[in-house]
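Take a look at the structure below.
The values are calculated or read from the model by the stated rules, or taken from the named source; none is laboratory data. None of these values were measured; they are calculated from a predicted model. FYI the Cβ positions are ideal-geometry reconstructions off the backbone, even for glycines, and counts take in every protein chain you see.
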């Protein structure tokens, strides 16, 4: 079989898709092709632009290969299925153009000078179809896509909701650092340190037979010196484990000899976000690490954590509550994952379990 024959055969599924009306594709994210993830795309750009003119929202325009290559599928099952991306997509009118089928969409490709049979490209345009910013291409990370979504909202003078700003700060820190603090109770420490602006994530565990909290932070927001001072002020710095040479002198000036320069990893096998784990309505949510950190601290303080949740997460919490009321053990087999790569799969597993329970 020669190369031309193979190419023709691979095009057959795409040609078959082109026979369907453009508006019939992806109005419901649950029926999206795998390449498109869980964002509710509309395969009708003129209709989407008209909707944008009425709503005042910017347009998130995806050029994608469907059926697509491994990169296209990974972008769909990863970033385009991430719960924060899916919720943030509601801030846009969302359109998709297939770059590998003949017909009307070819003219759209020519207009935007987008290549055929290409990896995913996301453009953000106004209601006239004019670009609001540079096209988002060759970055298939969730953080990169969220960064682009935030930039597009700013370019169109739209507000950035708290849940999106938080995760943007978490996934795109300007200067990420790590420091570790020993204290009398790591559960108390993760609560206190987790509340600080600039903290990205906390992990509790043991190091040198001491209870510790390891903190990831953005030093452009929260300087290491300020972090150590706050930790000491809150009785969370019985010992400081500096994780970089540059931290040593700064920490020593504050805690003196209660300082150790160490790269030894923390044993984090114990329960993380203790207070959150005691509230299953929130514990089972598909939260990012920073969201989990903030929700844990809020619960420990007796406050509502709703301000840290996206609209979809808030709705899910109500479904979880109804599920647990109906069957208290229905979700015990689920193991929430907070990493950006694992979160899309966990979110779908949770929703499938809730669907099965009938809530």
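When each of 45, 61, 36 is tested for being surrounded by 24 or more Cβ atoms within 10 Å (Cβ to Cβ), farther than 24 Å from residue 160 by Cβ and either within 19 Å of the chain's Cα centre (by Cα) or in the same structural domain as residue 123 (by TED's automatic domain parsing) (or both), the lone residue that passes is 36. Once the stretch 109-127 is narrowed to residues that are in contact with a helix residue (DSSP H, G or I) (Cβ under 6 Å, 6 or more places away or on another chain) and more than 10 Å from residue 62 (Cβ to Cβ), the residue that is surrounded by the most Cβ atoms within 10 Å (Cβ to Cβ) is 124.
Check whether at least one residue in the stretch 76-92 is farther than 16 Å from residue 63 by Cβ, out of contact with any helix residue (DSSP H, G or I) (no Cβ under 7 Å at 6 or more places or on another chain), at pLDDT 95 or above and in a loop (DSSP other than H, G, I, E, B), and report yes or no. No; the residues of the stretch 76-92 include none that is farther than 16 Å from residue 63 by Cβ, out of contact with any helix residue (DSSP H, G or I) (no Cβ under 7 Å at 6 or more places or on another chain), at pLDDT 95 or above and in a loop (DSSP other than H, G, I, E, B). Within the stretch 208-233, the set of residues being in a strand (DSSP E or B) and buried (at least 21 other Cβ atoms within 10 Å of the Cβ) comprises 212, 213, 214, 215, 217.
Applying the condition of being crowded, with 17+ Cβ neighbours inside 10 Å and touching a helix residue (DSSP H, G or I) at 6+ places or on another chain (Cβ under 8 Å) to the stretch 148-159 and asking which residue is nearest to residue 58 (Cα to Cα) yields 153. Scanning the stretch 160-200 for residues that are assigned to a loop (DSSP other than H, G, I, E, B), over 18 Å from residue 339 (Cβ atoms) and in contact with a helix residue (DSSP H, G or I) (Cβ under 8 Å, 6 or more places away or on another chain) yields 160, 161, 183, 195, 196, 198. The single condition among (1) assigned to a loop (DSSP other than H, G, I, E, B); (2) without any contact (Cβ under 8 Å) to a residue 12 or more places away in the chain; (3) in contact with a helix residue (DSSP H, G or I) (Cβ under 7 Å, 6 or more places away or on another chain) that residue 331 does not satisfy is (2). When the stretch 302-328 is filtered for residues that are more than 23 Å from the chain's Cα centre (by Cα) and free of Cβ contacts under 8 Å to residues at least 12 places away in the same chain, the ones remaining, listed by number, are 302, 303, 325, 328.
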